[in-house]
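A short write-up of the structure that comes next.
FYI, it's all coordinate maths here, none of it is from the lab. Since the structure is predicted, the reported quantities are computational estimates derived from the model, not experimental observations. All Cβ positions, glycine included, derive from the backbone under ideal geometry; neighbour counts span all protein chains shown.
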Amino acid sequence: MLLLILQRTGQLLATALVSSMLLFAVTEFSPSTVSRQILGPYALPNQVQLLDQKLGLSNSLPERYAGWLAVLVGLKANPLGDPALKLNLADSRGDRYFGNFGYSLMLRAPVRDVIAEPLRNTLMLTVTALAFIVPLSLGIGILAGTNRGTRLDRWLSFGCLVVTSLPEYATGVVLMTIFVSVLGWLPGTSPLLASEQWSVVSQMVLPTMVLVLASASYVARIVRASMAETMQKPFVRTAMLKGLSKRRIVLRHVVRNGMIPPMTVLLLQLNWLLGGVVVCEAIFAYPGIGKLLLQAGLFGDLALIQTVTLLSLAVACVTQLLADISYMALNPRVRLT
């Protein structure tokens, strides 16, 4: 198993390297360049060209990528921090360190400082949502799948299908209409600033509900399909013929075997929650990484966009590795190649 983990880790590192190349290439061909953002829209072409030369932006794409990677791992200082350019960009950690994502031109600060608080807020929202998504989706999926064809299965499947078909913004609007406009139980925005009327916990309720409804209903359908298929396996019929109770069969045999296919979907929800909450955070003015990514995209802040995308890529690679390990934990007969 250790050899498998090492092999998968090497493959994921290679995947991350290739993906970072593609990410850098895509963002480098953005219409808005770093030099143009610094100098403004009315700068002369020769001024932009001169600053491009100083920043190394006039080099070839492979050379620019190598320079960007060198700054990221701490082998090279970020040229934007050069005092001779008089950009007033400084990093308290120094010019060279591992994990130097550069400077945010939108907020005029190091990217690591800019994303620190929004990333904590998104992680807090993600962990809170997962605490409800996992038991809710597993409970509904197992209950529906092990009672395939019954009225309970039909009602649960229909409810999950309806909720899954609703986009996040529509779910958010419906919940705001009910709990904010009609009942007045919850705040309509979530700035995470405690006030006399609304606590921080109350401000997290609606964003969490949107994520839980959007994710749990989808995962529950995957779990239900896997459980229903597992219930038709020969070993289940054999266990029933031996006189074992349905509850014992489900808990000791069906759940473990039926959870192998949904495990990837369940783990990948973490990546979706971290990188795909842009709509949810924008609706409720939640100060997370999704809202920051939206602002960076509108401004054209390439360093912020690259960093958030790299973080999503890293989470995707780690969750895929965890999914492979979980396969072997749930069924030791599975050998991944």
Checklist entry - lysines near Lys242 by alpha-carbon distance under 17 Å, same-chain residues fewer than 8 away left out - which ones? => result Lys233
Checklist entry - Going by how many other Cβ atoms sit within 10 Å of their own, how do Val210, Val255, Val182 line up, fewest first? => result Val182, Val255, Val210
Next on the checklist: Straight-line reach from Lys291: which aspartates and glutamates fall under 14 Å, measuring Cα to Cα and dropping same-chain residues less than 8 apart?
Outcome noted: Glu117, Glu281, Asp301
Item to check | In segment 41-95, the chymotrypsin sites (Phe, Trp or Tyr not before Pro) that fall in loop regions by DSSP, at most 12 other Cβ within 10 Å | outcome: Tyr42
Next on the checklist: For Lys76, give me every one of the lysines with a C-alpha distance below 25 angstrom, ignoring sequence neighbours fewer than eight places off in its own chain.
Outcome noted: Lys54, Lys86
Checklist outcome for this item: Hull surface over four for the Cα convex hull of the chain, reported in nm², is 22.6 nm²
Item to check | Exposure proxy ranking, count of Cβ atoms within 10 Å, fewest first, for Val318, Val265 | outcome: Val318, Val265
Checklist entry - Suppose every K and R has +1 on its Cβ and every D and E has -1 on its Cβ; what is the size of the dipole of the chain about the Cα centre, in Debye to the nearest 20? => result 1820 debye
Item to check | Per-bin percent of Cα-Cα distances, segment 175-237 [5 Å] | outcome: 3, 16, 16, 15, 10, 8, 8, 7, 6, 5, 3, 1, 0
Checklist outcome for this item: In Å, the C-alpha Rg and Dmax of segment 32-186 are 25.4, 74
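State which stretch of the chain is the longest one without any exposed trypsin sites (Lys or Arg not before Pro), exposure meaning a DSSP loop state and at most 10 other Cβ atoms within 10 Å.
My reading of the result: 87-241 is the longest stretch.
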